[in-house]
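What follows is calculated from the coordinates using simple rules that are stated; it is not laboratory data. Just so you know, these numbers come straight off a predicted model, no measurement behind them. When we count neighbours, we look across all protein chains shown, and the Cβ atoms used for this are built from the backbone with ideal geometry, even at glycine.
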């Protein structure tokens with residue numbers, strides 16, 4: 001019966017094939033005020049569960065901090081959301097309609113999910129300016145790239161972001177020649193020019209001076225609202241300075257969620273972080 | 001104020017990195033190409049044999065052969081130097097383009113073959129075949145044959161690279177399967193039953209579009225056409241690779257996963273570039289065959305494809321005219337070296353590759369450009 005039902009489906013005159021449906025402009029349904037739904041996510045590497053039935057909901061426009069010890073699953077979670085790792089089970093939806101688990105990295109990026117990596121990864125053999133040019137939010141098809149000419153709108157956008165991250169005087173420099181902190185800034189700038197709806201920021205202040213850290217904190221808080229920001233960070237002082245809501249991960253699942261004070265007084269968190277010494 | 005910022009950005013965008021060098025070197029290269037081919041043609045036609053300025057036909061053909069090798073080297077440089085994909089199988093696309101051209105030339109022989117059969121090429125008569133196989137149909141029509149020169153290698157490159165890149169095969173694994181591809185094709189073409197002349201290949205060509213292949217003027221025309229193809233494809237490739245597309249390709253070379261997270265479908269970019277590169281190799285093959293007068297399965301030999309990589313490494317990868325320079329120099333050396341000490345050539349080639357890799361990682365062009373830079377640094 002199975003093949004026949006497929007056949008019937010095939011010759012049905014009402015049927016519209018997927019490839020005939022014109023590609024809609026990206027429409028992210030956040031009518032329930034939730035931008036990212038992660039439910040029952042499990043990822044196991046050779047039996048080790050990096051994520052274990054993890055549930056996480058990120059509201060539209062919020063700034064959320066993810067904390068947790070090494071191996072708690074923070075980076076794996078980001079890998080799943082951005083399409084780098086496929087989970088063993090669970091679902092991840094962007095808005096109510098976009099199933100992230102069926103999409104490639106590039107499709108997810110074009111939906112508006114931007115990622116800053118833990119280790120700064122910029123294109124070292126390209127100039128700072130070219131790094132931003134590549135990251136610009138625009139059509140990324142092959143022919144568009146071949147015939148692309150920088151227009152004034154894009155130029156202004158890049159100039160504005162370069163100003164924001166204090167890299168204007170380095171625009172012609174190779175990105176590989178930047179200092180560690182500057183590379184972090186460049187990567188943040190690349191995120192910004194891609195105008196993502198959701199920013200996933202992995203350890204943004206590692207290797208930054210206290211002044212730069214403060215600057216980053218200001219930047220991230222100013223982004224929340226218009227964008228949705230998820231920050232993974234170890235630096236508790238930094239988390240305290242930016243976060244309204246914090247999620248604690250432990251052994252691949254959510255241990256606690258709430259504001260910073262609640263978290264610090266949560267007995268489970270205390271137990272995990274301080275051990276069972278008392 | 002805004003205008004000042006804009007213009008400074010625009011100018012910086014044009015002069016990044018090797019932008020200056022490649023445009024200057026490229027102009028020199030194009031000028032040399034025109035001057036040398038014209039001088040050679042004039043020298044052959046206007047000065048009588050025996051004059052000091054006479055260029056003999058052998059040299060003309062040799063030059064044409066070198067230039068088609070240069071085109072092949074450029075194809076490898078585009079995929080290896082710019083995108084970091086080391087293809088050790090470009091000889092396959094070169095040979096397929098050559099075979100398509102060879103099939104056209106075979107059909108032009110008509111009844112002038114040894115057996116005098118007007119319908120069948122000699123080797124088919126020899127094999128007692130009674131009629132022309134279906135895949136030989138249409139090859140007596142020049143435009144169809146030229147279409148096949150592009151279509152067959154293009155489709156093969158598309159299917160091959162799409163399968164490889166979609167499965168994210170990269171690095172040395174990709175290089176190995178390209179070797180396997182060209183080796184498999186070589187074994188197939190060696191078989192008589194394939195219908196491509198077995199290990200003798202296709203040869204004994206008489207004329208192309210009605211012009212006698214042995215005459216001086218035809219040979220000069222072939223040289224000029226080869227030079228023109230090299231020039232036009234150089235300009236086209238320079239345009240493509242200096243566009244944003246080229247910067248995406250270089251970013252893929254340096255950090256492919258990062259490019260994916262920026263939103264580019266890197267597989268599509270790589271497939272596109274691979275097919276483009278294979279088409280250039282096929283054109284080079286089609287230009288090569290009428291000038292040397294033979295195409296046989298030996299052209300598929302894995303060693304040939306590796307040799308092309310050596311040319312590119314010697315000239316300097318990542319710059320198009322570097323590949324051209326490398327192909328010309330190594331082939332010139334090969335012609336003379338094999339004349340003096342044939343059995344030592346392969347050792348010399350190996351030593352050259354090792355030497356260049358250790359001492360000149362950016363090839364001869366890299367050496368020139370670093371000298372230029374140090375001269376500019378001095379006031």
Students often get this wrong: which residues of the stretch B:191-230 have the backbone nitrogen under 11 Å from the point 7 angstrom along Cα-to-C-beta of residue B:142?
B:208-212
If packing is taken as the average number of other Cβ atoms within 10 Å across a peptide's residues, how do B:318-331, A:211-224 rank, most packed first?
B:318-331, A:211-224
Calculated from DSSP helices alone, with each H run of at least 4 adding -39500 (n - 2.57) and the total divided by the residues of chain A, [θ]222 nm to the nearest 500 comes to -10000 deg cm²/dmol
Ranking of B:203, B:37 by count of other Cβ atoms within 10 Å, fewest first
B:203, B:37
How high is the FRET efficiency between residue A:70 and residue B:170 when r is their beta carbon distance and R₀ equals 30 Å, given to the nearest 0.05?
0.55
Using a/c under 1.5 as the rounded threshold, could you call the protein assembly as shown rounded, prolate or oblate? The axes a ≥ b ≥ c are square roots of the C-alpha gyration tensor eigenvalues, and prolate needs a/b larger than b/c, oblate otherwise.
prolate
Work out the mean other chain Cβ neighbour count within 10 Å for the residues of A:102-108 and drop it here as an integer.
4
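Fewest first, what order do B:311, B:134, B:80, A:185 take by the number of other Cβ atoms within 10 Å?
Result, fewest neighbours first: B:134, B:80, A:185, B:311.
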Estimate the FRET efficiency between residue B:351 and residue B:129 by the formula 1/(1 + (r/R0)^6), using the beta-carbon distance for r and 60 Å for R0, to the nearest 0.05.
0.80
Pull up the DSSP beta bridges for the protein assembly as shown and report the antiparallel fraction as a percent, rounded to 5.
60 percent
If the chain between residue A:179 and residue A:271 were fully stretched, how many nm would it gain, using 0.36 nm times the residue separation less the Cα-Cα distance?
29.2 nm
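Classify chain A as rounded, prolate or oblate, taking a ≥ b ≥ c as the square roots of the eigenvalues of its Cα gyration tensor: rounded when a/c is under 1.5, otherwise prolate if a/b is larger than b/c and oblate if not.
Oblate, since a/c reaches 1.5 and b/c is not below a/b.
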DSSP bridge orientation in chain A - percent antiparallel, rounded to nearest 5:
55 percent
Arrange the peptides B:91-99, B:117-125, B:252-260 so that the one whose residues have, on average, the most other Cβ atoms within 10 Å appears first.
B:91-99, B:252-260, B:117-125
Please compute the average number of Cβ atoms from other chains found within 10 Å of each residue's Cβ in peptide A:79-89.
1
Between the stretch B:21-65 and the stretch A:165-240, how many Å separate their Cα centres?
57 Å
Inter-site label distance for residue B:337 and residue A:88 at 7 Å from Cα along Cβ, in nm
5.7 nm
Chain B - percent relative contact order, Cα under 8 Å, separation 6 or more:
29 percent
In whole angstrom, how far apart do the alpha carbon centroids of the stretch B:187-258 and the stretch A:91-106 sit?
44 Å
Quick check: residue separation of residue B:191 and residue B:217 times 0.36 nm, minus the Cα distance between them. What number comes out in nm?
5.8 nm
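What order do you get for B:60-70, B:39-49 when each peptide is scored by the mean count of other beta carbon atoms within 10 Å, highest first?
Result, highest mean first: B:60-70, B:39-49.
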Would you calculate a helix-derived [θ] at 222 nm for chain B, using -39,500 (n - 2.57) for each DSSP H run of n ≥ 4 and dividing by the full residue count, to the nearest 500?
-24500 deg cm²/dmol
On C-alpha positions alone, give me the angle between the axis of helix B:57-80 and the longest principal axis of chain B, in degrees, nearest 10.
50 degrees
Taking 7 Å along the Cα-to-C-beta vector as the label spot, tell me the residue A:218-residue B:255 distance in nanometres, rounded to one decimal.
2.7 nm
Under the rule rounded for a/c under 1.5, else prolate if a/b exceeds b/c, else oblate, using alpha carbon gyration tensor axes a ≥ b ≥ c, the stretch B:22-377 is classed as oblate
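Can you work out the FRET efficiency for the pair residue A:46 and residue B:228, with r the C-beta to C-beta distance and R0 = 56 Å, to the nearest 0.05? Provide the component values of the computation, followed by the final result.
Values: r = 59 Å, r/R0 = 1.05.
Step by step, r from the Cβ atoms, then E = 0.45.
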Nearest-ten-degree value, helix B:320-340 long axis tilted from longest Cα axis of chain B
50 degrees
In degrees, nearest 10, the alpha-carbon axis of helix B:216-241 is tilted away from the dominant principal axis of the alpha carbons of chain B by 30 degrees
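According to the Kirkwood expression over distinct Cα-Cα pairs, how big is the hydrodynamic radius of the stretch A:76-165, in Å?
Values: mean 1/r = 0.0654 Å⁻¹.
Final number for the Kirkwood radius of the stretch A:76-165 is 15.3 Å.
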GNM of chain A, Cα pairs under 10 angstrom: of A:72, A:175, A:106, the biggest fluctuation goes to A:106
What is the mean number of Cβ atoms from other protein chains located within 10 Å of the Cβ atom of each residue in peptide A:118-126, rounded to a whole number?
4
Per 0.36 nm of contour for each residue apart, how much would the distance between residue A:96 and residue A:226 grow if the chain were fully extended, relative to their Cα-Cα spacing?
44.9 nm
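Quick check on the stretch A:186-278: of the DSSP beta bridges with both residues there, what percent are antiparallel, nearest 5%?
45 percent
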